Amino acid sequence: MILGLLLLHLAVCGLLAASGRRLGRRGLLVGAVPPAVTAIWSATRLGTSAPQTAEVTWVKGLDLGLTFRVDAFGDVMTLIVSGIGALVFVYAHGYFSPEAAGTGRFATTLLAFSTAMLGLVWSDSVWSLFIFWELTSVTSFLLIGHKSAEGTALAAARRTLMITGGGGLVLLAGLLLVARAADTTLISQMLPAHGASAVAGAVLVMVGAATKSAQTPFHVWLPGAMVAPTPVSAYLHSATMVKAGVVLVAVLGPALGHLATWQTLGLAFGIASLLWGAGGALRHRDAKLILAWGTVSQLGMLITLFSAGTPKATLAALALLVAHALFKGALFLVVGEVDVRAGTRNVDELGGLARSMPGAFWTAVLAGLSMAGAPPLLGFVAKEAAIEAALALNGPERWAIGAGVIAGSVLTVAYTVRLLVKLFGPGPRTEPARRRTATAAPAALLAAAGVAGYAALGPLLGVLKSAAGRLAGGAEMPTLYRWPGLTAALGISLAVLAAGLLVGLLVTRRQVRVPAPRGARWSDQCLEATLAFAKAVTGRVQHGSLPVYLVTMTAAAALATIPFLGSVGVGHLFAWDTPLQAILAATVVGAALGAAAVGTRLGAGLALGAAGITISAIFVIAGAPDLVLTQLLVETVIVVGFVLAFGRLSRRFPPVGLRWRSVRLGVAGVGGAAVVVGLLAASHNPAGAPPIAEMVSGSVGEGGGKNVVNVILTDMRALDTLGEVVVLAVVAVGILALARAPADSGSPAP
Amino acid sequence: MSVALLGAVGGLTAVGLYLMTGRPLSRIVLGYALLGHAAVVALLIAGGRAGRPPIAGRAVPEAMANPLPQAIALTAIVISFGLTLFLLSLARRQQALSGDDLVEDDLEDRRIAARQGEPDEPPGPSAP
C-alpha cells in the first residue's frame, strides 16, 4: 500500500508534467486526488496500532535502500500532510485566476513536494529520510521561486535552498554518526545511543532539524519565503515542510533523547525561536509575515516540548502539532483570500472585513482562538498540556521551559489579537472584490476541525496517545483534558489569555516600526562572502599556467607517498641481475639527462632515441624479446616523428622557462624519489612466487601458443588489447585530422 | 628488486618531470616519452628477477622471466607511443598557427583568475 500510494503520486505527477499546460488550472484538482486518497487511507488506519512497512532494496550488503514504515505517529503525520495537501490543492484552484500562467507547472511541483514530504514522513532508514529531506528542499525551492520573473522571489528561493539544503548536508553527517553509534540505519530500531559519535551526531542532527524547522538563527529564510503564492505558504510553511525538522526531533527522541547535549541544544533553539518568532510576529505589517513569524514561534514551542522528551511533553507536543497544522493552515488560507479579494496584505490598509467577508471572519476567529489557546478549541487543550508538562518537570528545565512557554503564549495571544483586530476590526474600510466561494471552504473546514478536535477529544486522545507512545519509547501516557478543573495550569492559562489580550490591544493601537530584514541580509552576505572566497581560491589555484599545474600535481603526489615511508624495506634489494644492467641503467639516465641538457632540437631528439634503444637493451637482459622488438620499432617512429614535427622550427630551443628552474629541479627530484619510495614500499611484500608454470601450461594448453606474452595479449586479455587498438585508431584519426588541417584555419583567439 | 633499474626509474622520472614542467612543447614531448620509459621499466622490475624469455619449450618455467608484467608493459609502450605521436602532431599544428611551440597560459583560466574581485551577478534585492 505504501509503495502503491507513492507510485500513484508519481504517476499523477508525471501526468501533470506531461499535460499540465493543457489542463491549466484544472490540473490542481487532478493533483488533489493522490493526497486525498492517501488521507483517506491514513484516516482508516488511525487507531490501529499495527505498523505497515515496505522496502525497496538497492544494495543489500550496505543496508542501502528505501525503507518505509508507517506507525501510529506516521498515521497522524500522513493525515496532516495529505489531508491539508488535498485541501490546499482545492484552495489553489480557486486562488489562481483561470488566466494565470504556469498553473500546470505549479500543480506538478506542489504534488512533487507532497510526494517528497510523504516519503520523508514514512521513511524508516536514514538513507531514505535524507533523500526525501533533500527532495523537499529542492521542490520547495521551485515552489518559492514560482513567480520566477520577480527578483525577490528568486533571492528568497535561493536563500531557502542554501539554508535548508546546507542543513541537509549537516543532517546527513549527523545521521551517519547516529546510525553508527546505534548500530542500525533503521530509525524504528534505534536504542538509546551512547558515546562520542552519538553526541556529535546528535548536535549535527539537531542543527539540521533547526535549519528546516526555521529555528533561530536559521529562521531567516522563512519570512522571505512568503513571496511564494499563498497556497504554498499555507502548505509548506505551516503544515508540512517546516514540520520536517520537528518530525526528525520527534522520531529520534528514543535514540538520542537521553543525551544532555541533545536536550540542551533543542531547548536553546526552541525557546529562542519561541520568543524571537513571537516578537517578530508583533512587529510586522504584512499579514502573511505575521503568520510566518508566528510559525517560527510555534515551531520553537514544538521543538522545546519534543526535546524535553517526557511523556507529558511529548503528548502535549503532538496535540500542538495537530492543532498548529489546522489553525495555521486555516489562517494562511484566509489571508490568501483576503489578499486576492482586497488586493493587499498590509494590515494597516485593511480593516472592517468582518462585515464584507463574514465567512473568512468566522474562520479566522475560530482558527485564531485555537492559536491563542482559548477554549473550546484544540489549541486550548494543547496549550494546557504544554504548561502542565512544563510544571511537571524538575530542576532548571522547569523554570526555563515554563518561563519560555508562558512568555511565548502571552506573545502568541497578543499577535493573534493584533492580527484579528487589524483585519476585521474597525479601520480603513476595504471593499473586497467579488469572488467564488470555493476558496473559502478549505479554510473553514480546517478551522472547524479545531472545534471538532476539542469536541471529540476522546477518540483523538487515543490516536495521539498511541503516537506519543511510539515516540516516548512506550512509556505510560498521561491524558489530555477538555477542561482540566481548577489546576495551576488553568490559572496560568487564563492569566496568559488576559495578559496577551492586554498586550495585543496595546500593540494594535500603536504604530509599530517594521524591523529591517537584517537576518536575511546577513545570510545573503554570508553567501556572497562564500562565493567571493571560492572565486579567490579558483583564481589562485586555476591561473592557467600548465607548468605550475604540473608542479602542483607532482608535489601533491609526492606528499601522498609520505605514509608509505614506513613500509619501505630494503631486504629484497639486490644490486643488479648482471653487471651490464647497471651500465645500461646508467646509460639510459645519462641519455635522458642529455636530452634535457642539449640545446638543439635535433640533439634532444637523438638523445631520446638513444634512451629508447638503451631501454630495449635492458629488455634483452630482462628476458623480454617482444618488448625489445616493439620498443625498437616505436623508438624509430618517434624519433622520425620528432624530427618531422619540429623540423621547421629553429634549431635551438627558445630561451624561456628559465625563471623557475630551481623549483622545477626540486620538484622533479622529489617526484623521482617519490616513485622510488612507492616502488620500494609496494614490492616489499611480494605475494609469493609468480605462477609462471601455470601461465606457461595455460598458454600452451588453452591458448595454443608457445609465446606466453603473446598469448596473454591476444587471448587472455584480448578485450584489453582490443581497447588498446581502439586507442591507437582514435589517435591515428586525430593525427590525420591535425596534419591535414590547412594552416590558416585556426580559430581566432577569443 | 634490482637497484640499478630502480635508479633508472627514479632518474627517468625526475628528468621527465623536469622537462614536462617547461614551456616548449618539444621538451614536454621529450619529458612525456621519458616518463613512459620509466613506467615501463617500473612494470618490468615489479615482475621479479630477470630470466629466460617466457616461451614454452625454450626454457623450464623456473628459469623464465615473469610474462605478465611483460604483457602489461607492452600495452604501456604502445599506448605511450600513440600519445607521444599525438602530442607531436599537436605541436606541429601549433607551429603552423603560431610559429613557435610554446605552451601559453590558458586564456580562459586567466580570465577567471582576473575576475576574482568582481561579483558573480548583481545581487538580488533582499526580501521584504
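Bear in mind these aren't lab numbers, they're just calculated from the coordinates by the rules spelled out. The shown structure was predicted, so the numbers you read here are calculated from the model rather than taken from an experiment. Cβ coordinates were reconstructed from backbone atoms using ideal geometry, including for glycine residues, and neighbour counts include every protein chain displayed.
Only lysines eight or more places from A:LYS288 in sequence, or on another chain, were considered; those with a Cα closer than 26 Å are A:LYS147, A:LYS212, A:LYS243, A:LYS328, A:LYS383, A:LYS422.
Counts of other chain beta carbons within 10 angstrom of each beta carbon in peptide A:678-684 average 3.
Please work out, to two decimal places, the log10 of the ratio I(q)/I(0) at q = 0.22, 0.25, 0.28, 0.29 Å⁻¹ from a Debye calculation in which every Cα of the range A:5-67 carries one identical scatterer. Values, matching the q order: -0.91, -1.00, -1.10, -1.14. Extents of the range A:460-607, largest first, come to 106, 49, 24 Å (Cα atoms, principal axes, whole angstrom). Each peptide in A:267-276, A:666-675 receives the mean, over its residues, of other Cβ atoms within 10 Å, and ordering these scores from highest gives A:267-276, A:666-675.
Here the label points at A:THR538 and A:THR261, each 7 Å from Cα along the C-beta direction, are separated by 3.5 nm in the simple model.
For peptide A:531-543, the mean count of partner chain Cβ atoms within 10 Å of a residue's Cβ comes to 4. Here's the picture: charge each Lys and Arg Cβ at +1 and each Asp and Glu Cβ at -1 in the protein assembly as shown, and of A:VAL81, A:VAL733, B:SER98 the one pushed furthest to the positive end of that dipole is A:VAL81.
A convex hull fitted to the Cα coordinates of the range A:288-423 yields 85 cubic angstrom per residue. The overall shape of the range A:17-147, judged from the alpha-carbon gyration tensor, is oblate: a/c is not under 1.5, and a/b is no greater than b/c. Under a model in which nothing but the beta-carbon of Lys, Arg (+1) and Asp, Glu (-1) is charged, chain A shows a dipole of about 2780 debye around its Cα centre.
Length gain on complete extension for the stretch A:SER148 to A:THR487, per 0.36 nm per residue less the alpha carbon to alpha carbon distance?
Full extension from A:SER148 to A:THR487 adds 116.7 nm.
The ranking of A:SER370, B:SER26, A:SER683 by Cβ neighbour count inside 10 Å, starting from the fewest, reads A:SER683, B:SER26, A:SER370.
Projecting the Cα atoms of A:VAL640, A:LEU305, A:ALA591 onto the charge dipole of the protein assembly as shown (Cβ charges, centred on the Cα centre) puts A:LEU305 farthest toward the positive pole. The mean sequence distance of close C-alpha pairs (under 8 Å, at least 6 residues apart), as a share of the length of chain B, puts its relative contact order at 23 percent.
Sorted on the mean count of surrounding Cβ atoms within 10 Å across their residues, most packed first, peptides A:233-243, A:418-428 read A:233-243, A:418-428.
Compactness of the range B:1-75, taken as the C-alpha radius of gyration over 2.2 N^0.38 Å, stands at 1.35. Evaluated on the range A:220-299, the Kirkwood hydrodynamic radius is 13.4 Å, with distances taken between all distinct Cα atoms. Shielding of peptide A:553-561 by partners, expressed as the average count of other chain Cβ atoms within 10 Å per residue Cβ, is 1. Site-free segments of chain B were taken between trypsin sites (Lys or Arg not before Pro) in DSSP loops having at most 15 other Cβ atoms within 10 Å, sites themselves excluded; the longest one is B:59-114. Computed with the Debye formula from one identical point scatterer per Cα of chain A, without solvent, the log10 of I(q)/I(0) at q = 0.10, 0.12 Å⁻¹ comes to -0.95, -1.26. Of the peptides A:58-71, A:109-122, B:2-15, the order by per-residue mean of other Cβ atoms within 10 Å, starting with the highest, comes out as A:109-122, B:2-15, A:58-71. Among A:PHE141, A:THR264, A:VAL340, flag the residue with its Cα farthest along the positive direction of the charge dipole of the protein assembly as shown, charges on Cβ as +1 for Lys/Arg and -1 for Asp/Glu. Projecting each Cα onto the dipole axis, the largest value belongs to A:VAL340.
Every Cα-Cα pair of the range A:110-240 was included, and the share exceeding 19 Å stands at 49 percent.
Using the empirical formula 2.2 N^0.38 Å as the baseline, the Cα radius of gyration of chain B reaches a ratio of 1.70. Using the alpha-carbon centroid of each, what span in Å lies between the range B:1-71 and the range A:6-60? If you average the Cα positions of each part, the centres end up 63 Å apart. Per-residue ellipticity at 222 nm, computed for chain A from helices alone with -39500 (n - 2.57) per DSSP H run of at least four residues, works out to -23000 deg cm²/dmol.
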